[in-house]
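K.L.:
Okay, handing you the structure first.
Every number here is computed from the coordinates shown, using simple stated rules; none is lab data. Since we're looking at a predicted model, the values are computed, not measured. So basically every Cβ, Gly included, is an ideal-geometry build from the backbone, and we count neighbours across all protein chains shown.
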Amino acid sequence: MEIKRLHVGKRLSEIAIHNGTVYLAGQIAENTAADIVGQTREVLGHIDRLLAEANSDKTRILMCQIFIKDMALFPGMNSVWDEWVEAGHTPPRATVEAKLANPACLVEICITAAQK
């Protein structure tokens, strides 16, 4: 079976598609000066854009992994998530506190989704 990769870079691809399943690289905010609400909104916007490019959307998410710099930020991240996620389509999700590669990043989100 073919593996299709989009936005291929030296270190990673932003998207891999195999057998109707979409795998996104961990998404982080470019505006690292923003607070957890702003960074989460930006990250979810990246996810919306990439899923659309891969012929999917947030209602087709199979699994979500969230890495957050400090669990004290959890309520702020969840407030944005709760506005974004579609009722009746809440995916399985894991959220863990983690030391992120860029100390200015407050959240990183990884998504696996089904294509339409």
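K.L.:
Hey, if you put +1 on the Cβ of every Lys and Arg and -1 on every Asp and Glu Cβ in the chain, which of 88, 76, 46 ends up farthest toward the positive end of that dipole?
P.N.:
46
K.L.:
How far, in nm, would the chain grow between residue 41 and residue 7 when pulled straight, counting 0.36 nm per residue and subtracting the alpha carbon separation?
P.N.:
Numbers: separation 34, 0.36 × 34 = 12.24 nm, distance 2.13 nm.
Gain in length upon complete extension: 10.1 nm.
K.L.:
Treating only the Cβ atoms of Lys and Arg (+1) and Asp and Glu (-1) as charged, compute the dipole magnitude of region 63-108 about its Cα centre; round to the nearest 20 debye.
P.N.:
Numbers: 3 positive and 6 negative charges, 36 e Å.
Approximately 180 debye in magnitude.
K.L.:
With a ≥ b ≥ c taken as the square roots of the eigenvalues of the C-alpha gyration tensor of region 1-73, please select rounded if a/c is under 1.5 and otherwise prolate if a/b is larger than b/c or oblate if it is not? Before the final figure, lay out the partial values.
P.N.:
Values: a/c = 2.18, a/b = 1.77, b/c = 1.23.
Note, shape of region 1-73 comes out prolate.
K.L.:
Work out Dmax and Rg for region 16-116 from the C-alpha atoms and quote the Rg first, both in angstrom.
P.N.:
Considering region 16-116 through its Cα atoms, Rg and Dmax are 12.9, 38 Å.
K.L.:
If you don't mind, another one. Excluding residues fewer than 8 places away in the same chain, name every one of the lysines whose C-alpha is closer than 22 Å to that of residue 58.
P.N.:
The reachable lysines, counting only those whose Cα sits under 22 Å from residue 58, are 4, 116.
K.L.:
List the lysines whose Cα lies under 25 Å from the Cα of residue 10, skipping any in the same chain that are fewer than 8 positions away.
P.N.:
Those lysines meeting the cut-off are 99.
K.L.:
Quick one: putting +1 on the C-beta of Lys and Arg, -1 on the C-beta of Asp and Glu, what dipole do you get for the chain around its Cα centre, in Debye to the nearest 20? Please report the intermediate quantities before stating the final value.
P.N.:
Values: 12 positive and 14 negative charges, 87 e Å.
It comes to approximately 420 debye.
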